[in-house]
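The values are calculated or read from the model by the stated rules, or taken from the named source; none is laboratory data. Owing to the predicted nature of the structure, the values given are computational and were not obtained by experimental measurement. When we count neighbours, we look across all protein chains shown, and the Cβ atoms used for this are built from the backbone with ideal geometry, even at glycine. Protein only, heavy atoms only, side chains kept; ligands, DNA and RNA dropped before computing areas. Shrake-Rupley method; radii C 1.70, N 1.55, O 1.52, S 1.80 Å.
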Amino acid sequence: EKWFNVVNGEINDLCGTVSSKSKNSLVFSGFGARGAEIKEISAIYGGQLQFWLKMGEKVENPDLAICKPAYGGNVHVYYRTNDLESWTQFAVLETWNYDSTAFRYVQLEIPLNARSSSISFKIQQEHFKD
């Protein structure tokens, strides 16, 4: 498993996947905070955090939609190294930019001060309202 500490989410293909061969989309639902952490990796030489993101598109009748529309709830991206006790935010992905029928590719440069032999990442929708 790549993900842990998943809050209000599960791995499935309910809202689609990037590849027809893949069934490993992380789908969030429910009220309140949503998020997940990525297990520690080595990024001593930097690099990029890369993933695909899609938020529920706006539809005429949201009650009938399998993937509920995203009217708010920006996605915040954090990192934490072994020498830091708290999470440091380094990106905010705004809802309006990802509410579509297609997944959008996200590529975030690992900050210079985050380069470490042991770094974790967290994505979180902090103020989601269904």
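Restricting to region 50-71, what's the tally of residues that are within 30 Å of LEU112 (Cα to Cα) and in a loop (DSSP other than H, G, I, E, B)? Let's see the steps before the verdict.
Keep residues of region 50-71 that are within 30 Å of LEU112 (Cα to Cα), which gives 50-55.
Okay, now just the ones that are also in a loop (DSSP other than H, G, I, E, B), so 54.
Count: 1.
The C-beta contact set for region 29-51 (first residue within 29 Å of ILE66 (Cβ to Cβ) and of a type in the set (A, V, I, L, M), second residue outside any strand (DSSP E or B) and open to solvent by less than 80 Å² (accessible area, probe 1.4 Å), distance under 9 angstrom, 6+ apart or interchain) comprises ALA33/ASN8; ALA33/GLU126; ALA33/PHE128; LEU49/ALA43; LEU49/ILE110.
For region 54-74, filtering for residues that are open to solvent by less than 30 Å² (accessible area, probe 1.4 Å) and within 26 Å of GLN107 (Cβ to Cβ) leaves 6.
Those residues that are open to solvent by 30 Å² or more (accessible area, probe 1.4 Å) and either modelled with pLDDT under 80 or assigned to a loop (DSSP other than H, G, I, E, B) (or both), I need them from region 33-46; list them, please. Within region 33-46, ALA33, SER42, ILE44, TYR45 qualify.
Condition check ((1) closer than 17 Å to GLU126 by Cα; (2) modelled with pLDDT of 90 or more; (3) not acidic (Asp, Glu)) across all residues:
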{"residue": "PRO62", "(1), (2), (3)": "no, no, yes"}
{"residue": "CYS67", "(1), (2), (3)": "no, no, yes"}
{"residue": "ASP83", "(1), (2), (3)": "no, no, no"}
{"residue": "ALA91", "(1), (2), (3)": "yes, yes, yes"}
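From the set of residues in region 75-130 that are in a strand (DSSP E or B) and basic (Lys, Arg), which is surrounded by the fewest Cβ atoms within 10 Å (Cβ to Cβ)? If you could, list the steps in order and put the result at the bottom.
Residues of region 75-130 in a strand (DSSP E or B): 75-81, 88-93, 99, 104-109, 119-125.
The next check asks that each one be basic (Lys, Arg); those that pass are 80, 104, 122.
Values: ARG80: 19, ARG104: 14, LYS122: 16.
Filtering region 75-130 for residues that are in a strand (DSSP E or B) and basic (Lys, Arg), the one surrounded by the fewest Cβ atoms within 10 Å (Cβ to Cβ) comes out as ARG104.
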